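As structure tokens, the structure follows; a few thoughts come after it.
The values are calculated or read from the model by the stated rules, or taken from the named source; none is laboratory data. None of the values given here were measured: they were computed from a predicted structure. Cβ placement follows ideal geometry from the backbone for every residue including glycine, while neighbour counts extend to all protein chains displayed.
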């Protein structure tokens, strides 16, 4: 499978495992899983191609269950799912990658999940730069996760290392 095909399949997986399963006739369970075989048939790909995309995705966006017969997106859903991730204590500082045009709104309102279930935070600056760069020149914000957590905000850690929380008020943000 060449890189172009891998990216194409990964984008289709993201769309249908996170946002629009009904478009290809699959259903997600309440916790986001879907059966692999119907997904393969709906996408017209082989199990080997799916395994390749899951194994090589640099953001580890997808995960198989313990049996290997079900798959789900690790986070980023806009459809109603509950991933049942346990609460976790975050590191003292987390990071959020964005672009300059969103800074005024972020500094006024904080980080909001927008169409997603949670705000996504990165464990390191390099990852935040990569995330922010998808929309232009990245700007990285530091999140005082230690204080946010101490003030009662709940954090969860997704299977691919992305930290999730419901909202980050602006007072916990600073420029890096």
Quick check, is residue 52 surrounded by 14 or more Cβ atoms within 10 Å (Cβ to Cβ), more than 30 Å from residue 142 (Cα to Cα) and either without any contact (Cβ under 8 Å) to a residue 60 or more places away in the chain or within 20 Å of the chain's Cα centre (by Cα) (or both)?
yes
(1) surrounded by fewer than 15 Cβ atoms within 10 Å (Cβ to Cβ); (2) more than 25 Å from residue 122 (Cα to Cα); (3) free of Cβ contacts under 8 Å to residues at least 12 places away in the same chain all hold for residue 69 apart from (3)
Please tell me if residue 61 is surrounded by 15 or more Cβ atoms within 10 Å (Cβ to Cβ) and at pLDDT below 95.
yes
